[in-house]
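The values are calculated or read from the model by the stated rules, or taken from the named source; none is laboratory data. Just so it is clear, the structure is predicted and the values come from calculations on it, not from any experiment. Here the Cβ is made from the backbone with ideal geometry for all residues, glycine too, and neighbour counts use every protein chain on show. Each accessible area value is taken on the protein alone, full model and side chains, heavy atoms only, with ligands, DNA and RNA left out. Shrake-Rupley method; radii C 1.70, N 1.55, O 1.52, S 1.80 Å.
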Amino acid sequence: MEVTQQEPAHSSRTEQAAEPEPATEAKLPSGSAPPPLDRAPLAYENSTFLNSADGRLIRILAEYTEPLARFRREQIQDTVVFFGSARFRGKEEADHELELLDNTGATRPAPSEEQPASIPDIRDGKATDLQRKRAVAAVEMARYYEDARRLAFLLTQWSKAIPSRRHRFVVTSGGGPGIMEAANRGAYEAGGKTIGLNIRLPFEQTPNPYVTPSLNFEFHYFFMRKLWFAYLSKALVVFPGGFGTLDEMFEILTLAQTEKLAKKITVVVYGSEYWKKIFNLQALVDTGAISPKDIDLFQFADTPEQAFEILKHGLTENYLTPEAAGGRRPEISTEPELLPGVSIEEYLPPEVARTRR
């Protein structure tokens, strides 16, 4: 995970402002008292301090404790995280032109020379080679949008039927457009809660409208956002994407490979044709860079129904069956109350993806 992180644009100004001005000796008439002082701001209300370098630790802690408080309040027990390209929109209507977004999380479109070519441009010979290739790819990427939407719908529909007083296997995404929007949209259409873990970027970006409002998050630090992707997740679905998707996928696979997670995680890599063009894992095995058993850390899927069956089997085998064998928790807690109407469970962290130490 990243250890460094770009500070907010205003940090340099606020850090300078946080430095105390040199004290100047007041010239007061003999025997006079100095004028009354205004109250100093409380430390946690001092925006100059909170946005300075000295306040960085508090900002980092806030990006842990504030989401944790909301997950407790919303009764989120665990999640299934969807990753994938943020740059493609879905093709919902026959006359809707496929559009490539400018960057991960951006709302503005890419420059015209990078957009997929239209059929008339291809027919009239006006399209570049890149535009022709992207026209073909865009149709495929739009299909992945619809597949992610369908898979999230199936998963949410199934998880809502699980007897539990907490919300199980809640669909979670990065909260932006593209595959992220498709995942949140499918869960929304199934009537379930759905989480968006957005990131503040230096260009225009907004959360997609399908995220449950009370579970709409925005992070400054990438590494804290990554923590929350892994913290509650019991499964991961990786749709075709770029640098960010590869980063998140291999980070989770590395944690599983090195046994840093004290839990079992089901990883589905969606779109075998796409991914087998992107990387050659067999070459890593052949050269001894990874063990042959490391390929078993994930499974390929090519249809929403196939991916759903893999997820359902993994989540049931790793979590639901062991939980049932160990006995269900009562719907009404029998633990002692710390405050009237509040059980001790409300003060404890959710069932999270703990590390081994």
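Residue by residue through the stretch 168-197, note down the ones that are modelled with pLDDT under 95, open to solvent by 10 Å² or more (accessible area, probe 1.4 Å) and touching a Lys or Arg at 6+ places or on another chain (Cβ under 8 Å).
Hit for the stretch 168-197 is Pro177, nothing else.
Name the one entry in Leu246, Leu197, Leu227 that is within 14 Å of the chain's Cα centre (by Cα), of a type outside the set (Ser, Thr, Tyr) and closer than 23 Å to Ser272 by Cβ. Walk me through it before giving the result.
On the way: Leu197 fails: closer than 23 Å to Ser272 by Cβ; Leu227 fails: closer than 23 Å to Ser272 by Cβ.
Unique residue meeting the criteria: Leu246.
Conditions tested, residue by residue: (1) over 30 Å from Met249 (Cβ atoms); (2) modelled with pLDDT of 95 or more; (3) outside any helix (DSSP H, G or I).
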position: Met1; (1), (2), (3): no, no, yes
position: Leu37; (1), (2), (3): yes, no, yes
position: Ala62; (1), (2), (3): no, yes, no
position: Phe71; (1), (2), (3): no, yes, no
position: Val81; (1), (2), (3): no, yes, yes
position: Thr104; (1), (2), (3): no, no, yes
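Please determine, by comparing only the residues of the stretch 255-292 that are hydrophobic (A, V, I, L, M, F, W, C), surrounded by fewer than 14 Cβ atoms within 10 Å (Cβ to Cβ) and assigned to a loop (DSSP other than H, G, I, E, B), which one is farthest from the chain's Cα centre (by Cα).
The selected residue is Ala289.
State which residue pairs qualify: first residue without any contact (Cβ under 8 Å) to a residue 60 or more places away in the chain and farther than 14 Å from Phe219 by Cα and inside the stretch 41-65, second residue open to solvent by 70 Å² or more (accessible area, probe 1.4 Å) and outside any helix (DSSP H, G or I) in any location, beta carbons under 9 Å apart, and separation of 6 or more residues or different chains.
Every condition considered, the pairs that remain are Asn46/Ala40; Ser47/Pro41; Thr48/Pro41; Phe49/Pro41; Ser52/Glu19.
Which one is surrounded by the fewest Cβ atoms within 10 Å (Cβ to Cβ) among residues in the stretch 209-230 that are out of contact with any Ser or Thr (no Cβ under 8 Å at 6 or more places or on another chain) and more than 16 Å from Thr65 (Cα to Cα)? Explain how you work it out, then say what you get.
So in the stretch 209-230, the residues out of contact with any Ser or Thr (no Cβ under 8 Å at 6 or more places or on another chain) come out as 209, 213-214, 216-228, 230.
Keeping just the survivors that are more than 16 Å from Thr65 (Cα to Cα) gives 209, 213.
Working: Pro209: 12, Pro213: 8.
Here the residue is Pro213.
Inside the stretch 137-158, can you point out the residues that are of a type in the set (A, V, I, L, M, F, W, C) and either surrounded by 16 or more Cβ atoms within 10 Å (Cβ to Cβ) or at pLDDT below 60 (or both)? Before the answer, list the steps.
From the stretch 137-158, those of a type in the set (A, V, I, L, M, F, W, C) are 137-139, 141-142, 148, 151-155, 158; that's our starting set.
Hits for the stretch 137-158 are Ala137, Ala138, Met141, Ala142, Ala148, Leu151, Ala152, Phe153, Leu154, Leu155, Trp158.
Out of curiosity, is Leu57 at pLDDT 85 or above, loosely packed, with under 13 Cβ neighbours inside 10 Å and within 33 Å of the chain's Cα centre (by Cα)? Give the steps one after another, and end with the answer.
On the way: at pLDDT 85 or above: yes; loosely packed, with under 13 Cβ neighbours inside 10 Å: yes; within 33 Å of the chain's Cα centre (by Cα): yes.
So Leu57 fits the description; yes.
Regarding Val238, is this residue free of Cβ contacts under 8 Å to residues at least 40 places away in the same chain, touching a Ser or Thr at 6+ places or on another chain (Cβ under 8 Å), of a type outside the set (Phe, Trp, Tyr) and open to solvent by less than 40 Å² (accessible area, probe 1.4 Å)? Please lay out each step first, then the result.
On the way: free of Cβ contacts under 8 Å to residues at least 40 places away in the same chain: no; touching a Ser or Thr at 6+ places or on another chain (Cβ under 8 Å): yes; of a type outside the set (Phe, Trp, Tyr): yes; open to solvent by less than 40 Å² (accessible area, probe 1.4 Å): yes.
Taking the combined requirement at face value, the residue does not satisfy it.
Looking for something in contact (Cβ under 8 Å) with a residue 12 or more places away in the chain, touching a Phe, Trp or Tyr at 6+ places or on another chain (Cβ under 8 Å), assigned to a helix (DSSP H, G or I) and over 17 Å from Gln77 (Cβ atoms) - is there at least one such residue anywhere in the stretch 209-226?
yes
Take Thr206 and tell me if it is within 15 Å of the chain's Cα centre (by Cα), at pLDDT below 95, open to solvent by 10 Å² or more (accessible area, probe 1.4 Å) and of a type in the set (Val, Ile, Thr). Give the derivation first.
Details: within 15 Å of the chain's Cα centre (by Cα): yes; at pLDDT below 95: yes; open to solvent by 10 Å² or more (accessible area, probe 1.4 Å): yes; of a type in the set (Val, Ile, Thr): yes.
So Thr206 passes the test.
Suppose the filter is without any contact (Cβ under 8 Å) to a residue 24 or more places away in the chain and either of a type in the set (Val, Ile, Thr) or over 27 Å from Asp302 (Cα atoms) (or both); does Ile252 pass it? Talk me through it step by step, then tell me what you get.
On the way: without any contact (Cβ under 8 Å) to a residue 24 or more places away in the chain: yes; either of a type in the set (Val, Ile, Thr) or over 27 Å from Asp302 (Cα atoms) (or both): yes.
Here the answer is yes, as Ile252 does meet what is asked.
With respect to Arg165, determine if the residue is open to solvent by 50 Å² or more (accessible area, probe 1.4 Å), assigned to a helix (DSSP H, G or I) and not aliphatic (A, V, I, L, M).
Values: open to solvent by 50 Å² or more (accessible area, probe 1.4 Å): yes; assigned to a helix (DSSP H, G or I): no; not aliphatic (A, V, I, L, M): yes.
No.
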